[in-house]
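Here the structure is laid out as structure tokens; the discussion comes afterwards.
The values are calculated or read from the model by the stated rules, or taken from the named source; none is laboratory data. The structure displayed is predicted, hence computed values, not measured ones. Heads up, the Cβs are rebuilt from the backbone with ideal geometry, glycines too, and the neighbour counts pull from every protein chain shown. Calculation scope for accessible area: heavy atoms of the full protein, side chains included, ligands and nucleic acids excluded. Shrake-Rupley method; radii C 1.70, N 1.55, O 1.52, S 1.80 Å.
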Amino acid sequence: MATAAVTSSKQTVLQCAGTGPSMSARIHPVVLFNICDSYVRRPDQAGRVIGTLLGSASPDGTVEIKNSYVVPHNESADQVALDIDYHHNMFVSHQKVNPKEAIVGWFSTGFGVSGGSSLIHEFYSREVQNPIHLTVDTGFTNGEASIKAYVSVTLTLGDRQLAAHFQEIPIDLRLLEAERVGFDMLKNTSVDKIPNDLEGMESTMERLSTLINDVYKYVDDVVEGRVEGDNNIGRFIADALASLPKLSPAAFDKVFNDRIQDNLALVYLSSLTRTQLSIAEKLNTAAQIL
């Protein structure tokens with residue numbers, strides 16, 4: 001992309017240097033949970049939390065963010081001080097466990113890009129080419145935890161570099177069903193309580209029923225000619241139906257009820273164990289006092 005400004009009789013072109021292939025970020029849920037946990041555990045005087053993103057980059061421009069760790073810092077209005085030694089030591093430790101994970105960028109909590117972000121991004125630009133800046137709005141500015149990713153684009157005037165600005169890139173959250181339940185709870189500004197197993201199962205069954213009704217309506221519309229059929233959607237529906245086990249309603253009810261009984265037995269045993277440990281702790285405390 002480029003803009004042009006005419007001065008006198010000469011034309012001066014103001015250009016934005018691109019980042020090569022079209023970049024996008026694929027984020028694993030453990031990264032978001034780590035960021036939220038580090039924000040809760042931050043020092044009282046810290047306004048935000050920043051840290052390093054680990055992962056890998058593919059030739060098509062997709063950056064997969066798999067892990068993260070916090071980097072201590074001090075921040076004022078005009079400067080930012082990072083604990084570089086801590087950052088390097090943590091990266092070396094991660095390399096011993098996951099040698100395939102490299103530095104792909106950095107994260108910060110807060111809504112959008114702040115004033116000191118350019119200074120931090122400049123440091124990570126020396127660590128990796130085209131680092132990604134991930135922001136997580138833990139303050140729920142718009143009523144939810146907004147997640148955005150940016151790359152730095154250089155603004156040049158002729159052969160002279162003027163500045164750099166942050167350009168937002170697409171993100172893809174890779175969440176399993178169980179992870180999505182936790183992520184949906186994190187996005188809400190307030191949660192009365194964490195649902196138990198039965199409440200979670202009820203919510204999942206209601207969502208499944210809604211999805212089945214949507215699929216049924218789509219298939220009915222295609223058959224009646226109200227909607228043009230999509231071959232890809234048809235293959236997905238066929239694969240989903242083929243993956244279902246061939247069970248009679250009676251056999252399915254028995255398997256389902258047996259699983260419910262097993263879950264209830266586990267809940268009972270865990271509650272019994274918790275009570276026994278609590279009683280043992282109180283007896284030990286009473287024995288020490290006597």
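In the structure shown, the pairs LYS100/LYS148; LYS217/LYS246; LYS66/LYS217 are assessed against 27 Å; a Cα-Cα span above that value is assigned to LYS66/LYS217.
Working ranking of peptides 263-273, 64-74, 41-51, 120-130 by packing, defined as the average number of other Cβ atoms within 10 Å per residue, highest first, is 64-74, 120-130, 41-51, 263-273.
For the peptides 80-87, 107-114, residues were scored by their other Cβ atoms within 10 Å and the scores averaged per peptide; the highest-first order is 107-114, 80-87.
The solvent-accessible area of LEU208, taken with every protein chain present and a 1.4 Å probe, is close to 80 Å². Full extension of the chain between ASN231 and GLN276 gives 10.4 nm of extra length, using 0.36 nm per residue less the Cα-Cα distance. When MET205, MET90 are compared by accessible area at a 1.4 angstrom probe, the order from most to least is MET205, MET90. Computed from the alpha carbon positions, the gyration tensor of the range 195-244 leads to an equivalent ellipsoid with semi-axes of 28, 13, 7 Å, biggest first.
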